[in-house]
Amino acid sequence: MEHAVVEGESFSPDCSTLIMPALSIGNVGQLAVDLLVSSSRARRVAYLDEPSVLPCAGNDAFGPDAVGDLALALEAYESASHRLAFIQQRSPIITGMVVSFAKNVANFISSIGKDHVVILSSLDSGKRRVIDASSDMQVYYLSSCNEDGSDPKCENLGWKKLEEYDPSQRRWKCLANLVEGGGLSEEMAGDTEEMTINDYYSSLPFAALFSACKAKGLKVTCVLCYCSEGDNMPESFQLSDAVCKLVARDPEQFHGNGPNGWTIPLSWKSLSKARLGAVITRG
């Protein structure tokens, strides 16, 4: 992965925790990163060029005013005051290149001196085995802290480990082998069975990013939630709050005058007042 540093900017060693989305249903991870970047007043420090990501360009996503600065498919931001770094991804990965993308991202993050990667992603609620009847969104996690994906810190936050993660399961093992430079085993290469529910999770971008960052020796935590396609702003607010707890930042330090106390990105300003009002009600 190549990158071009914005003139006058540089990657700070003080921003050792990097937060990024993994694309999935409802784009909750991207929305949450938008909120965190906007609310932390993070500055863009670099444009990233990754051949496995489809190119795109648009107007400045954060503002406060649309002045014509281009926003590209992959960009890096840092907030010195919050000691956090971010990568925002605005377009999908080319089919068949998820593992290549994950390896390139992990190499890049390691090269700029980050040591903790927080990956935000949503999961298809249709794949959920047990429905939680509570009104609050349940946060799930996956961590490199222990081999089984568990992490005492996440448990203390009241989060649930993603039960479908099993490093000994065939497709998780295959994924780990691929990110470490191996190929498909004869068993997997000749596998014609339909995907099981566990295979769904290991096929998602967050799983490839988790495996690649772990293989690179980085500490990595995936923060996950279930959702359906639709208005997913409420989930993005709650996922942002969850991240603040994980990185030991007071959410009040991020808050602005937008819905739920966050600073709404310029790219969201096209939303109707009715929709924003619905977010306040649901949040």
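We did not get these values from a lab; they are worked out from the coordinates using the rules stated. Here the structure is a predicted model, which means the values were calculated and not measured. Cβ coordinates were reconstructed from backbone atoms using ideal geometry, including for glycine residues, and neighbour counts include every protein chain displayed.
Miscellaneous remarks
- Distance from the Cα centroid of the range 37-56 to that of the range 66-137 is 10 Å (rounded to whole angstrom).
- With kT/(6 pi eta Rh) evaluated at 20 °C and eta = 1.002 mPa s, and Rh the Kirkwood radius from Cα pairs, the range 1-51 diffuses with a coefficient of 169 µm²/s according to Stokes-Einstein.
- Ordering of 221-231, 236-246, 143-153, 201-211 by packing is 201-211, 236-246, 221-231, 143-153, highest average first (other Cβ atoms within 10 Å, averaged per residue).
- Relative to the current alpha-carbon distance between Ser150 and Ala80, full extension at 0.36 nm per residue lengthens the span by 22.2 nm.
- ³J(HN,Hα) computed for each position of the range 56-67 - Karplus, 6.51 cos²θ - 1.76 cosθ + 1.60, integer Hz, glycine/proline x: 7, 8, x, 6, 3, 7, 10, x, x, 10, 6, 9
- In summary, the lysines within cross-link reach of Lys153, defined as a Cα separation below 21 angstrom excluding same-chain residues under 8 places away, comprise Lys114, Lys161, Lys214, Lys219, Lys245.
- Mean projected area (nm²) of the alpha-carbon convex hull when the range 11-278 is viewed from all directions: 14.3 nm²
- Amide H within-cut-off set for Leu84, under 5 Å, with H built and near neighbours excluded: Ser79
- Shown here for the range 1-79: GluC sites (Glu not before Pro) in loop regions (DSSP other than H, G, I, E, B) with at most 13 other Cβ atoms within 10 Å, namely Glu7.
- Hz values of 3J(HN,Hα) by residue in the range 221-227 - Karplus curve (6.51, -1.76, 1.60), Gly and Pro given as x: 10, 9, 10, 10, 8, 8, 7
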